[in-house]
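Working notes, structure below.
The values are calculated or read from the model by the stated rules, or taken from the named source; none is laboratory data. Values in this document were obtained by computation on a predicted structure and should not be read as measured data. A quick note on method: Cβ atoms are made from the backbone with ideal geometry, for glycine too, and the neighbour counts reach across all protein chains shown.
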Amino acid sequence: MGADKKETAAQRFRGGFNCAQAVFSVFADECGLETDDALRIAGGLGGGLGCGEVCGALSGGVLAVGARFGQCIEGDSGAKMNCAAKTRELTRAFRLASGGALRCSGILGYDLSTDEGRARRASDGTRESVCIPLVEAVIDGVLAAWPGEARD
């Protein structure tokens with residue numbers, strides 16, 4: 001299951017979807033969503049909110065955790081705390097995979113909010129060498145947060 005999700009996410013990312021879309025969309029079924037809806041929901045999160053802030057792959061993973069475990073009943077502090085704990089665990093795992101950084105600029109070493117940074121990103125190979133491994137790490141982290149889900 002995990003390997004299939006990672007391959008699908010990598011294909012979507014290579015095909016032009018952003019990192020958040022690639023991650024969140026592979027969990028659409030488990031979140032009760034259509035894939036198209038998941039792709040739309042995560043559309044604005046890639047590239048660190050489009051300006052090099054928190055990595056979109058992590059944001060997509062947090063969306064998946066929230067969609068599955070988030071509080072939806074007023075006063076349900078148990079669900080709120082459970083979702084927050086799973087989000088913290090996912091964030092810890094992401095920090096290990098990213099060398100400690102959460103922001104795209106810290107991960108890539110340049111600023112995606114500038115024309116120069118976006119031009120560099122388009123040509124330096126980091127989408128393949130840095131971003132896809134982080135997309136895969138987030139998928140592993142989300143699966144680890146979901147008891148009973150098959151992992152490879």
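The residues of segment 25-49 that are surrounded by 15 or more Cβ atoms within 10 Å (Cβ to Cβ) and either under 13 Å from Glu136 (Cβ atoms) or without any contact (Cβ under 8 Å) to a residue 12 or more places away in the chain (or both), listed by number, are Val26, Ala28, Thr35, Leu49.
Which members of segment 1-15 meet the condition of being assigned to a loop (DSSP other than H, G, I, E, B) and modelled with pLDDT under 95? Please lay out each step first, then the result.
If we filter segment 1-15 for residues that are assigned to a loop (DSSP other than H, G, I, E, B), which is where we start, we get 1, 15.
If the condition is that a residue be assigned to a loop (DSSP other than H, G, I, E, B) and modelled with pLDDT under 95, then Met1 is the only one that fits.
Against the test of being surrounded by 18 or more Cβ atoms within 10 Å (Cβ to Cβ), part of a helix (DSSP H, G or I) and of a type in the set (D, E, K, R), the options Lys86, Lys80 yield a single qualifying residue, Lys86. Count of segment 112-152 residues, restricted to those that are crowded, with 18+ Cβ neighbours inside 10 Å and in a loop (DSSP other than H, G, I, E, B), is 1.
Looking at segment 45-66, is at least one residue out of contact with any strand residue (DSSP E or B) (no Cβ under 9 Å at 6 or more places or on another chain) and not in a helix (DSSP H, G or I)? No, segment 45-66 has no match at all.
For segment 1-24, taking the residues that are of a type in the set (Gly, Ala, Ser) and touching a residue at least 24 places away in the same chain (Cβ under 8 Å), the one that is surrounded by the fewest Cβ atoms within 10 Å (Cβ to Cβ) is identified as Ala3.
Count of segment 96-109 residues, restricted to those that are without any contact (Cβ under 8 Å) to a residue 12 or more places away in the chain and either buried (at least 18 other Cβ atoms within 10 Å of the Cβ) or farther than 30 Å from Phe69 by Cβ (or both), is 1. Of the residues making up segment 63-103, those that are over 18 Å from Cys31 (Cβ atoms) and touching a Ser or Thr at 6+ places or on another chain (Cβ under 9 Å) number 1.
Residue by residue through segment 90-111, note down the ones that are part of a helix (DSSP H, G or I) and touching a helix residue (DSSP H, G or I) at 6+ places or on another chain (Cβ under 6 Å). Correct list: Leu90, Ala93, Phe94, Ala97, Ser98, Cys104, Ser105, Ile107, Leu108.
One residue is enough: does segment 57-76 have a residue meeting the conditions aromatic (Phe, Trp, Tyr), in contact with a Leu (Cβ under 6 Å, 6 or more places away or on another chain) and surrounded by 18 or more Cβ atoms within 10 Å (Cβ to Cβ)?
no
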